[in-house]
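Here's the structure, in C-alpha cells; my notes come after.
Quick note: the coordinates plus some simple rules give every number you see, no bench work behind them. Predicted model, so just to flag it, every value in this text is computed and none were measured. Note that we place each Cβ from the backbone using ideal geometry, even for glycine, and neighbour counts take in every protein chain shown.
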Amino acid sequence: MKHTSWEKSRELYEESKKYLLEGVGSSFHKCAEEEFAMYYDHGKGARLWDADGNEYIDYTMGFGPMILGYAHDKVNAAVAKQLERSSHYSAPTAELGQLAKKMCEIIPCAEKVVFQSSGTEADMYAFRVARAYTGRDKMIKFEGHYHGWADEQNLNFVTDDSKYFGARNNPWKIYNVPGQRKASSDDVVIVPWNDLEVLEQAILKNDNQIAGIIMEPSMFDEGPIPPQPGYLEGVRELCNKYGIVLIFDEVFTGFRMALGGAQEYFGVTPDIAVFAKAIAGGFCMSAVAGKNEIMESGATFSGCFNGNPIATAAGLATLEELQKEGVYEKFQKLGDMFVEGMTELGKKHGIKLYAYMMGSLGGVVFGVDRPCVDVRDYIDNADIKFYNKVYFKAREYGMRLSYRRGRILLCTEHTEEDIKETIDRFDKIFAELAE
Ligand SMILES: Cc1ncc(COP(=O)(O)O)c(C=O)c1O
C-alpha cells in the first residue's frame, strides 16, 4: 500500500513550469530537495488526493487555513449561498459587521477589527497601527519568527547555520530573498526570542523609539518553539513599562490553539493581534484586531478585496463550527494520543524526539527531547536532516507533512483512527530509516 508513483505530478510540473514561474503558486510549494512540486487534485475532510490518485492523511491543512478539513459542507454551502448574491461589492455588508462582532466576543484583545486578505498585508497594517499610535518608527522582531513576505517583515527567517545570526545581543540582519531592499530593515530591531534580558537591552538601546514588538506567541512557522514559562508575561510587562504596542501575530495560532487563539491559551493579552489562515476556513481573509484606543489611531486601511463577502460567509460558517461544544477538547484528545504515540515510538526506535500539541497545532522535532528555546537552538540542535528523511518517507506512507519544519496541524475531521493509523505509519517509517 506504499505510494511509489508521482509521474502525473512530475508531468504537470514540467508542463506548467514553461509558463508558471517555478511551476508553483508560492515558493514554499516545492522545496529545494524536490525534483518537482506535488500537484494535488482534491481533498475531503482530513484527506488529500494528489494528481496521481495517491491518498494522504494530511497534517499541513493547506498551511493552516483548513481547520475544518477540506471541502467542508457547511463552509461550501455558505459560500454557494453568497455567490448567488454576488462574489464581491467593495462595500461593507451586514455579515461583515456580524463577523467583526463575533471576533470581538471570542478574542481577548479584540474591541475593533479591520479585515484584509492575507497575513502579510495584515502584519503590514499592524506595524502601521503601532507607529500611528505611538508616533515612533522602530519595531522589534524576533529571529525565526515569520510575519509575511514583505521587505520589512521577511528578516532573519530561514537559515541553515546559526552562526549567520551574529551576536545574541546584536544580531545581524538577514535578508531572506534576492531583491529585498536593505533600507527596509532600517527601522527593524532584531532580537532572539525567549530571552527577556536581551529584549530589555534592545529596548533601552533604542530609547523611546520602539513603537511595537511583534511575535508569534508560540513560534510555529519556521519550527515549533513554544514560549518559556513566564516569557509572554515578561514581554507584556516590558511593553507596559516602556509604552510599546505588543502585537501577537496569530496567523497560525489564531482559532487553532484555542478559539480565542494563543492569547486565550496562555492567558496573556496583546494590544493588537493579527489573524489569517484559519479565520475563513480556506478562503482569503485576514484581520487585525485590537483595543479601541490603539485601533482608532488614524491609520487608514485599504484593499479592494477587504471584507469580501465570500470570505466573510466562509468566516462566519467556520466560526460557527468552531464554537460548537467539544471542538477543542477533541483536538486536545487527539493531540495527546499523537504525543504519547510519538514519544513511545521514540523510545522503541531509540530516536530522540520532542512532540507536542496545543489545541490543533503541534509539532515533532528530532534530535532533542525538550522544546527548543529559540531558532538558534533549533538550527543547532534539532536534527532537521533526519526530519526531512521522515518527510519524504511519509509521502510514501500516505501522509502529507510540512517540509523541514516539523509542524503538525489537525482539523476537526481527523479521527482517533487517523491518529492510530498515523502512529502505525511512523513506526514503519522509523523502522525503514534504521535499515
Ligand atoms: C505567523 C505568520 N504570519 C504571517 C504569515 C503570512 O501570511 P500570508 O501567507 O497569508 O501572507 C504567515 C504565513 O505562513 C505566518 O505563518
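Sort the following peptides by mean Cβ neighbour count (other Cβ atoms within 10 Å, averaged over residues), highest first: 398-407, 23-32, 137-146, 378-387.
By packing density, highest mean first, the sequence is 137-146, 398-407, 378-387, 23-32.
Calculate the FRET efficiency for MET1 and LYS420 from the Cβ-Cβ distance with a Förster distance of 22 Å, rounded to the nearest 0.05.
The pair MET1/LYS420 has a calculated efficiency of 0.90.
How many angstrom separate the Cα center of segment 1-60 from the Cα center of segment 177-224?
Taking the Cα centre of each part, segment 1-60 and segment 177-224 sit 35 Å apart.
What ranking do 179-190, 330-341, 279-290, 123-134 get when scored by the average of other Cβ atoms within 10 Å per residue, highest first?
Top of the packing list down: 279-290, 123-134, 330-341, 179-190.
Per-residue HN-Hα couplings for segment 72-85, Karplus 6.51 cos²θ - 1.76 cosθ + 1.60 at θ = phi - 60°, whole Hz, x for Gly and Pro?
So the J values, rounded to whole Hz, are 5, 4, 5, 5, 4, 5, 5, 5, 4, 5, 5, 4, 5, 9.
Past 27 Å, Cα to Cα, is the threshold; run LYS112/LYS205; LYS44/LYS333; LYS30/LYS428; LYS348/LYS393; LYS112/LYS277 against it and keep the listed order.
Pairs exceeding 27 Å: LYS112/LYS205.
Within the chain, what percent of beta bridges assigned by DSSP are antiparallel, to the nearest 5?
Once the DSSP bridges in the chain are tallied, antiparallel ones form about 65 percent.
Could you work out, for the chain, what percent of all Cα-Cα pairs fall into each 20 Å distance bin, beginning at 0 Å and stopping at the bin that holds the largest distance?
26, 59, 15, 0
Placing +1 at every Lys and Arg Cβ and -1 at every Asp and Glu Cβ, with all other atoms neutral, what dipole size does the chain have around its Cα centre, in debye to the nearest 20?
The dipole of the chain has a size of about 440 debye.
Would you mind calculating the relative contact order of the chain from Cα pairs under 8 angstrom and at least 6 residues apart, reporting the percent as a whole number?
Relative contact order for the chain comes out at 21 percent.
Quick one: what are the phi-derived ³J(HN,Hα) couplings along segment 86-92, Karplus 6.51/-1.76/1.60 with θ = phi - 60°, whole Hz, x for glycine and proline?
Working through the residues one at a time gives 4, 7, 6, 10, 6, 7, x Hz.
For a quick check: with amide H placed at 1.01 Å from N, whose amide H comes under 5 Å from SER360's, ignoring anything fewer than 5 positions away on the same chain?
Residues meeting the criterion, in which the H sits 1.01 Å from N, are MET257.
Figure the gain on full extension for THR300 and ASN176 (residue separation times 0.36 nm, minus the Cα-Cα span) and round it to one decimal in nm.
Difference between extended and current length: 41.8 nm.
Applying the Karplus parametrisation 6.51 cos²θ - 1.76 cosθ + 1.60 with θ = phi - 60° to the phi angles of segment 8-22, what ³J(HN,Hα) value in whole Hz is obtained for each residue in order, glycine and proline being reported as x?
Those phi angles translate into 5, 4, 4, 4, 4, 4, 4, 5, 4, 4, 5, 10, 9, 3, 6 Hz.
Normalized C-alpha radius of gyration of segment 73-322, against 2.2 N^0.38 Å?
1.00
Whose amide H sits under 5 Å from the amide H of LYS112, counting only residues 5 or more places off or on another chain, with H placed in the peptide plane?
Under 5 Å from the amide H of LYS112: GLY290, ASN292.
Could you pull out every residue, at least 5 positions away or on a different chain, whose amide H is within less than 5 Å of the one on VAL189? Hs are placed 1.01 Å off N in the peptide plane, and Pro or chain starts have none.
MET139, ILE140, LYS141
Tell me which aspartates and glutamates have Cα within less than 16 Å of LYS173's Cα, excluding those fewer than 8 residues away on the same chain?
Within the straight-line limit of under 16 Å, LYS173 reaches these aspartates and glutamates: GLU143, ASP151, GLU152, ASP160, ASP161, ASP186, ASP187.
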